[in-house]
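Some notes on the structure that comes next.
The values are calculated or read from the model by the stated rules, or taken from the named source; none is laboratory data. Just so it is clear, the model here is predicted, and its values are computed rather than measured. Here the Cβ positions follow ideal geometry from the backbone for every residue, glycine too, while neighbour counts run over all protein chains shown. These accessible areas exclude ligands, DNA and RNA; they are computed on the full protein's heavy atoms, side chains included. Shrake-Rupley method; radii C 1.70, N 1.55, O 1.52, S 1.80 Å.
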Amino acid sequence: MQFPRRGEPAPLGVLYDSSLDGGIDQILALSMLFGLSALQQVRIPSLTTSRFNLHHAAFLDVVARFFAAELAGDFVQNRTPLPIGMASAGKQSDGPPPTLAAALMKKDAEGKPAYPRGVDKLNDTADPIALMRNALTAQVDQNGAVILAGSPLNLTALMALPGGKDWAAKKARVLSIAGGRF
């Protein structure tokens, strides 16, 4: 990614938080967000999921690596292109929804995952509330945005932090919520 020229503002920093609960709409929104990032119209400082499911976090990692390859010219294998946050409250759910399974379960000729990823265990993820807080705090005032697609678990926990509402209002100019079943 190119850096903005001197005197030009940095692109909007967009935090994406999704439940990835089986709807294609959340995956398409994620792809569109990375497309805007490739055009340098936005930056993506963090990706989080509100589900306690390693498959959801692994899918976010696969997508981030896939789109990072577009910029790097090769599939990003040895480093995590973005921090991935995953809620870890309650009981961990098993198995990916069908919309994520195709990418996660696909194998190459050697039987290895076709799409490399760096999220295999809980320690490979970040606390989503801390990750969102840090990503928002790092934004220039009014140059951040939060996209919420799914359960508001992480966002409500972020707002419950001491002073959370004040600095979120100071840093983010946009909160976009995709809610409901249509």
Failed item in (1) farther than 17 Å from residue 154 by Cβ; (2) in a loop (DSSP other than H, G, I, E, B); (3) at pLDDT 90 or above; (4) aromatic (Phe, Trp, Tyr), with residue 34 passing the rest = (2)
Scan 79, 65 and give me the residue that is at pLDDT below 90, surrounded by fewer than 19 Cβ atoms within 10 Å (Cβ to Cβ) and either under 19 Å from residue 15 (Cα atoms) or not aromatic (Phe, Trp, Tyr) (or both).
-> 79
Residue satisfying all of: in the range 108-165; of a type in the set (Ser, Thr, Tyr) and open to solvent by 50 Å² or more (accessible area, probe 1.4 Å); nearest to residue 32 (Cα to Cα) among these | 115
Meets criteria (farther than 28 Å from residue 94 by Cα and small (Gly, Ala, Ser)) for residue 130 = no
Could you list, in sequence order, the residues of the range 37-59 that are under 11 Å from the mean Cα position of the chain (by Cα) and in contact (Cβ under 8 Å) with a residue 40 or more places away in the chain?
-> 45, 46, 48, 49, 50, 56, 57, 58, 59
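Are there any helices (runs of 4 or more DSSP H) wholly within the range 92-182 with 2 or more residues that are more than 20 Å from residue 14 (Cα to Cα) and free of Cβ contacts under 8 Å to residues at least 60 places away in the same chain, and if so which?
Details: elements: 98-105, 128-137, 153-160, 164-171.
Of the helices (runs of 4 or more DSSP H) lying wholly inside the range 92-182, those with at least 2 residues that are more than 20 Å from residue 14 (Cα to Cα) and free of Cβ contacts under 8 Å to residues at least 60 places away in the same chain span 98-105.
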Contact list, first residue from the range 10-36 and of a type in the set (Asp, Glu), second anywhere and part of a strand (DSSP E or B) and surrounded by fewer than 17 Cβ atoms within 10 Å (Cβ to Cβ), beta-carbon distance below 8 Å, six or more apart or interchain, is 25/178
